[in-house]
Structures are given as structure tokens and as C-alpha cells.
Amino acid sequence: MSLWTLLCALVHSYVRTGRASVLAYYLLSLFLTGRNDSGEENVPLDLTRDPKDNLREILQNVAKQQGVSNMRKLGHLNNFIKLLCNVGHSEEKFGFTYDEIIICLRLALLNEAKEVRAAGLRALRYLIRDGAILQKVFRFQVDYLISRCIDIQQSNEVERTQALRLVRKMITVNAQLFPSSITNSLIAVGNDGLQERDRMVRACIAIICELALKNPEIVARRGGLKTILKNVIDCQLSRINEALMTTILHLLNHPHTRQYVRSDVELEQILAPYTDFHYRHNPDTAEGQLKEDREARFLASKMSIVASFRSWSGK
């Protein structure tokens, strides 16, 4: 007998006997026992146990390729964060080195379920506390898996959001260690995100600006400053436009970062709508939309020029 047939029989039986409340309770138990609203299995975590035993159970279930459902792995990854918050960062209490923990968590980023990958990214964000742990993460080339999560299909917003939150944590911990692999992914989204209607494009641009202030060398080397100025001409919102332009002006204001801004390449972009008669921001812009597009570029260019002049002290 199929599950649907069984449910239909139960409905008729309980409605006929007037036990509708019992039916409601039974159905609720049937569908929700062991699961929460996100589909994650409620894996019990006894914080009174030895943390070594808890962590061993968590890592074993996360690392198993067969015999453990994805939703159960999701529950164990969330338990890892609870355990970490309860015990703190201590290899002695865990009974595992950070290397061993990172190797196991790395497997979550290779899972076929986006929920598990998102939970793995979140677990890494809680694990990374200082530059030493961050270096271990990069030594195991986890940054390439993070880049993959950023570049993945746009429908996986939960996963991509967790990836960007992890990236910001890395910048906060030590921006000088930030890898080129993730920088390339952020810049790729920043360059082409608007054409593809990517909802994460502004978040990526904001992270590029934050990274440019803390590690301008890697952003400049990967063409990130050009990406920022390209988005200046794309943005007609005054506050965002000014924030992007201020990032470039901040670099120009200091002698040790001024070298990264090439005035003959990057800065000419903000003047192009006024100085280039045949200027087209996007080559594939239709002829019918050319006038409207040009007016939008004029407005964005005007905002950036005004922001530039306002930054001048007049001395």
C-alpha cells in the first residue's frame, strides 16, 4: 500500500469517528518528526558529553560518503557551530587539529546539495578566528571551492550568501592573505552581473571596495579598480555612486596606494560619456534604447565628477 493510499484511509477513518484532532496530531508527527522548517534533521547534541566525542561523531557523519542523508549532514554541521560556540576554539578540548577539522569540513563544499554546501561555508566562517587558521584553510585550497560557490547558478542564493559572508570574514581576519582565486570570482560577477541580472552583483562590488581599502595591490593586479569604475557609470543611485567613487579617491589620496590607479586607463572611464561622442557603455545596446542608455550614463558620470570635485580641499 502506498503512503498516499494509507493517508487517505486514515483520513476517512478519523473523520468518520470524529477524531479530527487526533488525525491532525498524527499527520503533523508523521511529516515533522525529526525535521525542522528548513528540512534539516534534528540531530541531538548533548553538550554535557566530552567535546571530543561530540566532534568525532559530527566529523564522521560529515565525511561519510554513504549511509548518511544530506539533511542529517546539515544537522551535524549546525551542531558543529553549536559545539564551537559552547566549547570555544581549542584543539586540546576537541581532540582534533584544525587541519583535520578543515579537511572534513571541506568535503561539505563538494556535496551535491546546496543546503549542505551553505552549512559547510557557515561552519568555516565560525571556525576561522585568526590568520593562522585562515592560512590553513588556504593551504588546503578551500578558496577554490569557495570561488565555485560564488560562481554557481544564481538560484542558489542561500549558498552564495554564505560564501560572501565567509569572504568578508576572511577580509576582516587578514586581508593581506586574501587569495587571487576568490578575487577573480568577485570581479567576474562585478563585471557581468548586471547583464545577467545577478542579484549578488552589488554585494560583490561592495566586497571589492572593502578589499581595495585593505589590500589594494591584489584588487589592482586583478583589474578590480576598473570594475569599480565601470560600475560607477552603471549606477544612477547617488549614494552608491559616491561610495564607489570615494573608494578610488581614497586610494589616490595616499602616496603608497596612488600607484595602483592608472589615470590614463581607469579614471578616463568616468569622463567617457562626455568626451567620447560615440561612447557606448555596452556594445550590444539596441539602437532603440541608445538614447535612454546614454542619458543614464550622463547622469552617472555627472554624479562621479561632482563627487570627485567635492573631495578636493581647494589647497
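Every number in this text was worked out from the coordinates using simple rules, so none of it is lab data. Keep in mind that this is a model prediction, so the values were computed, not measured. So basically every Cβ, Gly included, is an ideal-geometry build from the backbone, and we count neighbours across all protein chains shown.
Below are the figures for this structure:
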| read-out | value |
| --- | --- |
| At 1.567 mPa s and 4 °C, Stokes D of the range 32-310 from Kirkwood alpha-carbon radius, µm² per second | 62 µm²/s |
| Backbone HN-Hα couplings from phi across the range 192-205 [Karplus 6.51/-1.76/1.60, Hz, Gly and Pro as x] | 10, x, 5, 5, 8, 6, 7, 6, 9, 5, 5, 5, 5, 5 |
| Modelled FRET efficiency - R0 51 Å, GLN135 with GLU295, Cβ distances, 0.05 increments | 0.55 |
| Order of SER90, SER147 under a 10 Å beta carbon neighbour criterion, fewest first | SER90, SER147 |
| Footprinting exposure proxy for GLU196, GLU242 (fewest neighbouring C-beta atoms within 10 Å first) | GLU196, GLU242 |
| Where labels lie 7 Å past Cα in the beta-carbon direction, separation of ARG148 and ILE305 in nm | 4.8 nm |
| All-pairs alpha carbon distance profile, the range 96-228, 5 Å steps from 0, percent | 2, 11, 23, 23, 20, 13, 6, 1, 0, 0 |
| Fewest-first sequence of GLU92, GLU57 by Cβ atoms within 10 Å of each Cβ | GLU92, GLU57 |
| Across LYS136/LYS169; LYS93/LYS114; LYS64/LYS169; LYS114/LYS226, pairs whose alpha-carbon gap is larger than 22 Å | LYS93/LYS114; LYS64/LYS169; LYS114/LYS226 |
| Backbone HN-Hα couplings from phi across the range 62-68 [Karplus 6.51/-1.76/1.60, Hz, Gly and Pro as x] | 5, 7, 5, 8, 9, x, 10 |
| Share of alpha-carbon pairs per 5 Å distance bin for the range 80-134, given as whole % | 4, 19, 29, 28, 13, 6, 1 |
